[in-house]
Amino acid sequence: MSGALKGSAQRVQAALDAHGLAAEVREFPASTRTSAEAAAAIGCTVGQIAKSLVFRARESDRAVMVIASGTNRVDEKAVAARLGEPIGRADADFVRERTGYAIGGVPPVGHSSPLPTFIDHDLLGYDEIWAAAGTPNAVFRLRPADLVALTGGEVVDIRQVS
């Protein structure tokens with residue numbers, strides 16, 4: 001871990017501080033871009049990684065945030081049903097434009113503008129979880145209840161069943 005945070009990680013720390021959450025952004029020398037990489041760097045289970053996925057609403061063209069457990073694939077039809085319109089994957093430019101962050105480091109907070117947010121119910125089964133903090137090697141630890149309060153997200157069952 002390093003001392004001074006990079007710009008994007010500093011913005012996430014400022015957003016956490018502004019919400020009154022006692023969470024510390026940590027930067028690792030190893031990548032935390034994927035759930036598996038993050039879990040290995042942190043020393044937690046892949047399921048404890050709260051991965052932030054940005055989708056594009058097809059009718060309204062708005063960004064939609066889904067925060068899923070690192071072990072789960074997202075059932076896009078379930079999210080679309082909750083949102084009330086179809087969704088699709090967002091490309092890198094759309095994600096950066098709408099959130100202010102690059103794919104691989106998109107945090108659940110500190111976005112350019114508020115996003116409708118859906119939180120994977122499975123994350124509530126952990127005492128603590130880890131979320132991206134603005135760069136491909138920065139994360140922060142929090143409790144699932146804090147994630148819900150921080151994002152104003154709706155907790156839903158979004159796990160895709162094989």
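Observations on the structure shown:
- Close contacts from segment 62-77, counting a first residue that is farther than 16 Å from Val95 by Cβ and a second that is assigned to a helix (DSSP H, G or I) and among the hydroxyl-bearing types (Ser, Thr, Tyr), with Cβ to Cβ under 9 Å and a gap of 6+ residues or different chains, come to Ser69/Ser35; Gly70/Ser35; Thr71/Ser35.
- Residue ID - surrounded by the fewest Cβ atoms within 10 Å (Cβ to Cβ), chosen from residues in segment 120-130 that are part of a loop (DSSP other than H, G, I, E, B) and of a type in the set (D, E, K, R): Asp127
- Qualifying positions in segment 11-40 - surrounded by 16 or more Cβ atoms within 10 Å (Cβ to Cβ) and in a helix (DSSP H, G or I): Arg11, Val12, Gln13, Ala15, Leu16, Ser35, Glu37, Ala38, Ala39
- All positions within segment 120-158 that are touching a residue at least 40 places away in the same chain (Cβ under 8 Å), touching a helix residue (DSSP H, G or I) at 6+ places or on another chain (Cβ under 6 Å) and under 21 Å from Ala80 (Cβ atoms): Leu123, Val156, Asp157, Ile158
- Flag for Gly84 being over 12 Å from the mean Cα position of the chain (by Cα) and at positive phi: yes
- Filter pass, Phe118 being closer than 18 Å to Asn72 by Cα and among the aromatic types (Phe, Trp, Tyr): yes
- Restricted to segment 79-119, and to residues there that are of a type in the set (A, V, I, L, M, F, W, C) and either assigned to a loop (DSSP other than H, G, I, E, B) or modelled with pLDDT under 95 (or both), the residue that is surrounded by the most Cβ atoms within 10 Å (Cβ to Cβ) is Val106.
- Boolean, Val66 is in a loop (DSSP other than H, G, I, E, B) and not basic (Lys, Arg): no
- Residue in segment 145-157 that is within 12 Å of the chain's Cα centre (by Cα) and assigned to a loop (DSSP other than H, G, I, E, B) present: yes
- Inclusion of Thr71 among residues that are assigned to a loop (DSSP other than H, G, I, E, B), within 15 Å of the chain's Cα centre (by Cα), polar (S, T, N, Q) and more than 21 Å from Ala15 (Cα to Cα) is warranted.
- Checking each residue in segment 1-31 for being of a type in the set (Lys, Arg) and in contact with a Gly (Cβ under 8 Å, 6 or more places away or on another chain) picks out Lys6, Arg11.
- Of all positions in segment 41-50, none carries a residue that is hydroxyl-bearing (Ser, Thr, Tyr) and assigned to a helix (DSSP H, G or I).
The values are calculated or read from the model by the stated rules, or taken from the named source; none is laboratory data. It should be emphasised that the depicted structure is a prediction, and the values quoted were computed from it without experimental measurement. Note: ideal-geometry Cβ built from the backbone for every residue, glycine included; neighbour counts use all protein chains shown.
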